[in-house]
Amino acid sequence: MSENIQKFAKIGDILAISKLVEESISLDGTTVESKIHHGVTLELNVKSTKTLDPKICTQAIIKTLNGIQPAKITTVMIFGISNKQKWSKFLTLKSGKYAENTGAVKGAIFVTLATFACMICWAALHPDKKETQQECIKRVGDEIISRKRASGDTVVRDRAEIEAYGEEFKRKCNLVF
């Protein structure tokens, strides 16, 4: 039976991989559930009624995976859940061997989240709201009326003044007429 499980695990069968990882941890009350993401990332959820030592558990999983060499799996995410703790570890395949890469992965996640937070802050501080032509015409019209009232003159005197206002609308609102 174990030989068949090994064969299935080697071709990437996640149930077989889970079974072998569960055996390698060898603690009563421990189960391993697995999922595959994008065909290359294996997620292992190690659940136990007893407290798990993340370092020992991770070493056992690395030893098992290196013995199996499952096809196509280049990244492993391990999530440990027990009655007193939760932890996570990340493994990557380097030169044909799985090795822990938790620090680099968490660092990359931090950099990504920090970059995303900066982008959100920048967008909030620098809104790039485009003004519609109708809004522009109203704004420029209000500016002209305010200038006229401030000068004490509320009457348009001649055609030249009207043409000047038309040019101001064209220039400020990108109008074509």
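Quick notes on this one:
- Each of the peptides 145-151, 64-70 was scored by the mean count of other Cβ atoms within 10 Å over its residues; in descending order, highest first, they stand as 64-70, 145-151.
- Spin-label pair residue 130/residue 88, simplified geometry with 7 Å Cα→Cβ offset, distance in nm: 3.8
- Each of residue 120 and residue 158 was given a label point 7 Å from its Cα along the Cα-to-Cβ line. The distance between the two points is 6.0 nm.
- Counted charge near residue 81, where neighbours are those whose Cβ lies closer than 15 Å (Asp, Glu -1; Lys, Arg +1): +2
- Farthest toward positive dipole pole in segment 1-112 [+1 Lys/Arg, -1 Asp/Glu at C-beta], among 45, 87, 101: 101
- Applying 1/(1 + (r/R0)^6) with r as the Cβ-Cβ distance of residue 35 and residue 170 and R0 = 45 angstrom yields a FRET efficiency of 0.15.
- Local net charge near residue 25, Cβ-Cβ under 12 Å (Lys/Arg +1, Asp/Glu -1): 0
- Along segment 89-96 the Karplus relation, 6.51 cos²θ - 1.76 cosθ + 1.60 evaluated at θ = phi - 60°, assigns HN-Hα couplings of 9, 10, 10, 10, 8, 10, 6, x Hz to successive residues, with x for each Gly and Pro.
- Cα-based shape type of segment 1-108, given that a ≥ b ≥ c are square roots of the gyration tensor eigenvalues and the cut on a/c is 1.5: oblate
- For segment 26-42, backbone phi angles converted through the Karplus equation (6.51, -1.76, 1.60; θ = phi - 60°) give residue-by-residue couplings of 6, 10, 4, x, 10, 10, 10, 10, 10, 9, 10, 10, 6, x, 10, 10, 9 Hz, Gly and Pro being listed as x.
Here, each number is a calculation from the coordinates, and none is a lab measurement. Predicted model only: the values in this text are computed from it and were never measured. Please note: Cβ atoms are built from the backbone with ideal geometry, for glycine as well, and neighbour counts cover all protein chains shown.
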